[in-house]
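Okay, so here's the structure we're looking at.
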Amino acid sequence: MWPEESLSLCRGSVRIVAGKVMAFPFDAGPGAVSRALISLRNSAAAMAKEGPLNAVSQFVPMPRARKAAVIVRLLLGEGIDLPLRQLPESLQRALTDEIVRTRYVDGPTVAAIANEFLEELERGGLGFPDGLDGALHLLEGVLSPAAAEALRHRVNGTTGNPWLKISRLDDGMLHHLLEHESAEIVAIVLSKMPNARAAEFLGMLPGARARSIALAISRTRKVSPQTVARIGAALAEAVDAYTPAAFEDAAEARMGAILNISRASTREDVLAGLEAEDAGLAERVRRAIFTFENIPDRLSPEHVPTVVREIPQDILLTAFAGAAGGKQRETVEFVLDNLSNRMATQLREMIEDRGEVAKKAAEQAMAQVVARLREMEDADQISLQADEDDEAIVFVNG
């Protein structure tokens, strides 16, 4: 009778290998495993009587794959359910091929293999699951949720087809992933993507960049499969590690949006402080700011009548009546000059009737005018030009 300690070691896994240690987990209770092991011992003893008495203790010079086939045949004959389906398919095929090739093994040899197998079990040891997915299953409920989720993400991510993952990225993420890669790397990526998706992405790139990538494709013929696989794995890992930014807009754009509707005195005070701390940031914020004074430079003249109709009259009159000299007054004149004579005359008279306006009320009204222009731009009712110092001018269709 085998000691229960030895039997318990066998319950989880049995080490059978074709050149290396491989675990065969038993889908059976400890009683069934004990009975199978005892049966193997009895079979070995019975077969030993048919051959030389020292057969059981001999080491059989046979490939371990053949020995594995013998043990599997014995265990299946004892009615033990060996879940071979849990092994990698390559090992399942190798084991099946070995069983096909093993026509006959004499009794003493079977006895020696069985005894060698049992002695190996007696030495103890542990079988471990194959791959990260199996390890996660083994450690389920033991790892912290955060660690388990991160590892599970690896199982579902980089261990899959990296090129499928990359080709399914949206345009923005794909551009972010490849914008700093060399033309040769991008050429390999496009070569592994479906042709339609590769053509779509190539068409989004500037002409010079697209041409250099197209030329690089012709140089990818000699790249080894191992190199291509490493590139795919590295890019897929970068996708998995990517953390989206908390804010879509740049800092200067967000700061400019806040200062747009701030009081002029507050805005200038903040900009002066930025200028002292970071002149470059201050300049970018100034370009991002759209204030009442910027209207002549940003608003298309043909949209002035639309703006006048859409902005509540009391807000417009308060802003215009409170406009001081300089840039503010230029904005008022810009609006009036781009209205019909009748409408401009009527508006001038209403501004005069409005009388003097407190500075604070005027600033609030001007901020409301600017905010309304932004809303109209977002609704495609008007177009606003980017600052003339920017690299490009963006129009929004009206």
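Here, each number is a calculation from the coordinates, and none is a lab measurement. Just so you know, these numbers come straight off a predicted model, no measurement behind them. Using ideal geometry, Cβ is built from the backbone for each residue, glycine included, and neighbour counts are taken over all protein chains shown.
At 20 °C and 1.002 mPa s, what whole-number value in µm²/s does Stokes-Einstein give for the translational diffusion of segment 160-241, with Rh from the Kirkwood sum over Cα pairs?
On the way: Rh = 12.7 Å.
Result for D is 168 µm²/s.
Counting pairs of Cα atoms in segment 192-236, how many percent are more than 15 Å apart?
The proportion of pairs with Cα distances above 15 Å equals 56 percent.
For the pair residue 197 and residue 241, what calculated FRET efficiency results from E = 1/(1 + (r/R0)^6), where r is the Cβ-Cβ distance and R0 = 25 Å, to the nearest 0.05?
Details: r = 23 Å, r/R0 = 0.90.
Result of the calculation: an efficiency of 0.65.
In whole Hz and in residue order, list the ³J(HN,Hα) couplings for segment 277-294 that follow from phi through the Karplus curve 6.51 cos²θ - 1.76 cosθ + 1.60, θ = phi - 60°; x for Gly and Pro.
Working through the residues one at a time gives 8, 8, 4, x, 5, 4, 5, 5, 5, 4, 5, 7, 6, 10, 10, 4, 5, 7 Hz.
How do 268-279, 295-306 rank on mean C-beta neighbours within 10 Å, highest first?
295-306, 268-279
Report the charge-dipole magnitude of segment 245-289 in Debye, nearest 20, computed about the Cα centre from +1 at each Lys and Arg Cβ and -1 at each Asp and Glu Cβ.
Charge dipole, segment 245-289, about its Cα centre: 200 debye, nearest 20.
Highest mean first, how do 64-71, 197-204, 316-323 rank when packing is the count of other Cβ atoms within 10 Å averaged over residues?
Output ranking for 64-71, 197-204, 316-323: 316-323, 64-71, 197-204.
Modelling each spin label as a point 7 Å along the Cα-to-Cβ direction, I'd like the residue 340/residue 139 distance in nm, to one decimal.
7.7
Normalised by the number of residues in segment 245-289, what is the relative contact order in percent for Cα pairs under 8 Å and 6+ residues apart?
52
What residues qualify as long-range amide H neighbours of residue 384, i.e. H under 5 Å apart, gap of 5 or more or another chain, H built at 1.01 Å from N?
Those qualifying (amide H under 5 Å, at least 5 residues apart or on another chain) are 396.
List, in order, the whole-Hz ³J(HN,Hα) value for each residue of segment 315-320 obtained from phi through the Karplus relation with A = 6.51, B = -1.76, C = 1.60 and θ = phi - 60°; use x for Gly and Pro.
Couplings: 5, 4, 5, 5, 5, 6 Hz.
So the label point goes 7 Å from the Cα of residue 306 along Cα→C-beta, right? Which residues of segment 340-375 then have their backbone N under 17 Å from it?
340, 370-375
With θ set to phi - 60°, apply the Karplus curve 6.51 cos²θ - 1.76 cosθ + 1.60 along segment 375-380 and write out the HN-Hα couplings as whole Hz, x wherever there is a Gly or Pro.
Result, ordered by residue: 5, 5, 5, 4, 8, 6 Hz.
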